[in-house]
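Nothing in this text is a laboratory measurement; each read-out follows from the coordinates by a stated rule. Computed from a predicted model, the values in this text were never measured in an experiment. Every residue, glycine among them, receives a Cβ derived from its backbone with ideal geometry; neighbour counts consider all protein chains shown.
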Ligand SMILES: *Cc1c(COP(=O)(O)O)cnc(C)c1O
């Protein structure tokens, strides 16, 4: 994919998000765009940055650390990047996640919550956390059921080095818009329920390149787009 098309993909996506917001009577600007840069190198991230992207999502810790070191260094020409960890979390990676990321969307067990709390450096702001839900039709092993998610939200809310921001899920791929909406709905319902307990929760992280319109229809506040910005991934990426 040529360099120019990253910028045009990004601007087209922003326009599409604004259209979907309007179509589904969402507040203009209420849906944020997270650029998923896994497997893509610093030059492609720079292009997206030049087009206006500031939030980037990464799945593999080792791969991400090299990019963060290069693009978030004090002398870097890409200031202001906010790094989101969105991949499965191994407990031996929590120290790097706590030290180098601003957000983590994929928290799904108590042990990880405790480690992130203990390992978040004191000089940094609390780490922003979303709990990952495994919807029943989901094809990933990551994530918890709805009742476990309630318990994990309560646990995060008690941690002073963590900030409970929201919920995340990755439904199984499905081409039908209505079925996509049905899959997102239980997550949106739980999000509204949790917001009554934790009013500062503001992030419903759902929707990817092939289902973001359905996610916006169901109340997503952050869509995570890789292919739709950077094009097809050439390789699956190293495992963290
Ligand atoms: C890869 C990935 C995405 C982006 O997927 P696309 O279909 O390329 O937009 C979003 N969220 C998570 C958790 C991912 O791993």
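Overview of values
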item: Rg/Rh ratio calculated on Cα atoms of the stretch 5-47 (Kirkwood radius); result: 1.08
item: Taking 193, 234, 58 and counting other C-beta atoms within 10 Å, the order from fewest to most; result: 234, 193, 58
item: Reference-scaled alpha-carbon Rg (2.2 N^0.38 Å with N residues) for the chain; result: 0.96
item: Helical contribution to [θ] at 222 nm, DSSP H n ≥ 4, -39,500 (n - 2.57), averaged over the chain, rounded to 500; result: -13000 deg cm²/dmol
item: q = 0.19, 0.21, 0.27, 0.28 Å⁻¹: log10 I(q)/I(0) that the Debye formula gives for the stretch 113-184, counting C-alpha atoms only; result: -0.78, -0.87, -1.16, -1.20
item: Tail fraction, Cα-Cα pairs, the stretch 177-235, threshold 14 Å, whole percent; result: 56 percent
item: Alpha-carbon centroids, the stretch 14-36 and the stretch 49-68: separation in whole Å; result: 22 Å
item: Radius ratio Rg over Rh of the stretch 72-119, counting only Cα atoms, Kirkwood formula for Rh; result: 1.04
item: Theoretical gain in end-to-end length, residue 147 to residue 16 [0.36 nm per residue, Cα-Cα removed]; result: 43.7 nm
item: Principal axis box of the stretch 58-148, alpha-carbon based, largest edge first, Å; result: 45, 27, 21
item: Calculated Rg and Dmax of the stretch 1-136 using C-alpha coordinates, Å; result: 16.1, 46
